[in-house]
Amino acid sequence: MTVTVSKSTIVENLYKNFYDLISTVSGITTSVFPAFPENITLTDKASYPIVVIDSPEIGNGPFTFGKGITDGTIDVDVYTQDAKTCDEYSSDIIDKIETSKGTLATIGLKQVHLNNTQKEVLLQGEIRVHHKMITFKYKFYYTKTATY
Amino acid sequence: MITIEVKGLKEVNRLLVRLPASTEKEVMSTSQSFMKFIQKSAKLRAPRFTGQLAESINVPMNRGNKEIVIQVTSPYAYFQEFGFTPHFLPAGMAVAGGYRILDWMQSKGLTGSGIMPSGQPQPFIGPAVEAGLNNLPEMLNQAIKQAIVNAK
């Protein structure tokens, strides 16, 4: 369920829309967190997969005399035990956002697109953790507050 | 008489005027994304007991400077990364966060009056940077392409 993004709610509602979309992806519905969970054991296979959606980064700039533009990024991190599931979940997340672009545009988020992905493999105890960071970009146009 | 007309000069000129600023914006955005990845990777690789070392890894907000830095403010980060001279640490010795060496020993099931760590480096920043550098060329390539598109 999407929520309309406005100038006064851009951070929380942008986040909520991404969270609601990504948490419907099959296989990770109960594994999506707003920050890396501290109460899990990284060396326990049962802890994975973990999906973390960071708070969005925003930047402002002029668009027209009366309108401003906020463009920024939002990062989604996927942590799994093996490369195949990491790639599968990443593909599903990217596809979910891609196919929801029209819906996001109707609530104020324009030009939502995949910006880049970054991947690494590291050891936690005796298990290999596959980490992929997916960065999405967006634009949000708003009416500037007139000052005299 | 031959007349030569060149079309598109206005658009080329506009592109050349806009390209430097567009490139700078896209490269800085990509650099910020790269450093955030390094930060997350380093946090995951950092040795954990209290979690303070991982928490101390930050990427301060870029306030218009041309460089982006990653900070590790924990006082023992340097020694974890590069190692230290082995020396005896008594169990009652206090460490950051209100803990003692004894707390760490108990978490590892160790007994005794203290520990003598080997001092071997346990790098976490270096491996995170190495892992991230694999992705950087392609990211910059995409950033330049996007900058050209934005400048048109």
Problem set entry | Cα-based helix-to-principal-axis angle, A:83-99 vs chain A, degrees rounded to 10 | 20
Problem set entry | Exposed GluC sites (Glu not before Pro) absent: longest stretch of chain B, with sites in DSSP loops and at most 12 other Cβ within 10 Å deemed exposed | B:68-152
Exercise. What does the accessible area of A:Y138 come to, in Å² to the nearest 10, when a probe of 1.4 Å is used?
Worked result: 10
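Based on the Cα atoms of the stretch A:77-148, what semi-axes does the equivalent ellipsoid have, where each is the square root of 5 times one gyration tensor eigenvalue, given in whole Å with the largest first?
Its equivalent ellipsoid spans semi-axes of 35, 15, 8 Å.
Within the stretch B:48-127, list the trypsin sites (Lys or Arg not before Pro) lying in a DSSP loop whose Cβ has at most 15 other Cβ atoms in a 10 Å radius.
Values: sites: B:R48, B:R63, B:K66, B:R100, B:K108; in loops: B:R48, B:R63, B:K66, B:K108.
Passing both the DSSP loop test and the Cβ count: B:R48, B:R63, B:K66, B:K108.
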Seminar exercise, completed: Under a Gaussian network model of chain B whose springs join Cα atoms within less than 10 Å, the largest fluctuation of B:I125, B:I57, B:I115 belongs to B:I115
Seminar exercise, completed: Cα-Cα longer than 28 Å, checked against A:K139/B:K43; A:K45/B:K145; A:K119/B:K66; A:K16/B:K66; B:K66/B:K152; A:K110/B:K25, kept in input order, equals A:K139/B:K43; A:K45/B:K145; A:K16/B:K66
For this session: List every residue whose amide H lies under 5 Å from the amide H of B:M93, counting only residues 5 or more places away in sequence or on a different chain, with H placed 1.01 Å from N in the peptide plane.
Result: B:I101, B:L102
Problem set entry | Label-point separation in nm, A:D20 to B:D103, each point 7 Å along Cα→Cβ | 4.2
Problem set entry | Cα-only Debye scattering, chain A: base-10 log of I(q)/I(0) at q = 0.09, 0.18, 0.21 Å⁻¹ | -0.32, -1.00, -1.27
Problem set entry | Inter-label distance, nm, simple model (7 Å from Cα along the C-beta direction), A:T145/A:F33 | 3.6
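Return the Rg/Rh ratio of chain B with Cα-based radii and a Kirkwood Rh.
1.29
At 20 angstrom or more along the helix axis (alpha-carbon based) and mean Kyte-Doolittle of -0.5 or higher, what helices does chain B contain? Whole DSSP H runs only.
B:9-45, B:136-151
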Problem set entry | Length added when fully stretched, A:I69-A:L123, from 0.36 nm per residue minus Cα-Cα | 15.3 nm
Exercise. Given the options A:G72, A:G108, A:G125, which has the most mean-square fluctuation in a GNM of chain A, springs set between C-alpha atoms less than 10 angstrom apart?
Worked result: A:G125
Exercise. Whats the longest run of chain A with zero GluC sites (Glu not before Pro) that are DSSP loop and have at most 11 other Cβ atoms within 10 Å?
Worked result: A:39-125
Exercise. How large is the charge dipole for the protein assembly as shown, taken about the Cα centre, if only the Cβ atoms of Lys, Arg (+1) and Asp, Glu (-1) carry charge, to the nearest 20 debye?
Worked result: 920
For this session: Taking the Cα centre of chain A as origin, sum charge times position over the Cβ atoms of Lys and Arg (+1) and Asp and Glu (-1), and report the length of that vector in debye to the nearest 20.
Result: 720
Exercise. Rolling a 1.4 angstrom probe over the protein heavy atoms, how many square angstrom per residue are accessible across chain A?
Worked result: 50
Problem set entry | Estimated D of the protein assembly as shown in µm² per second, where Rh is the Kirkwood radius over Cα pairs and Stokes-Einstein applies at 25 °C, 0.890 mPa s | 111
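The values are calculated or read from the model by the stated rules, or taken from the named source; none is laboratory data. Owing to the predicted nature of the structure, the values given are computational and were not obtained by experimental measurement. Note: ideal-geometry Cβ built from the backbone for every residue, glycine included; neighbour counts use all protein chains shown. Note: accessible area is taken over every heavy atom of the protein model, side chains too, but ligands, DNA and RNA are not part of it. Shrake-Rupley method; radii C 1.70, N 1.55, O 1.52, S 1.80 Å.
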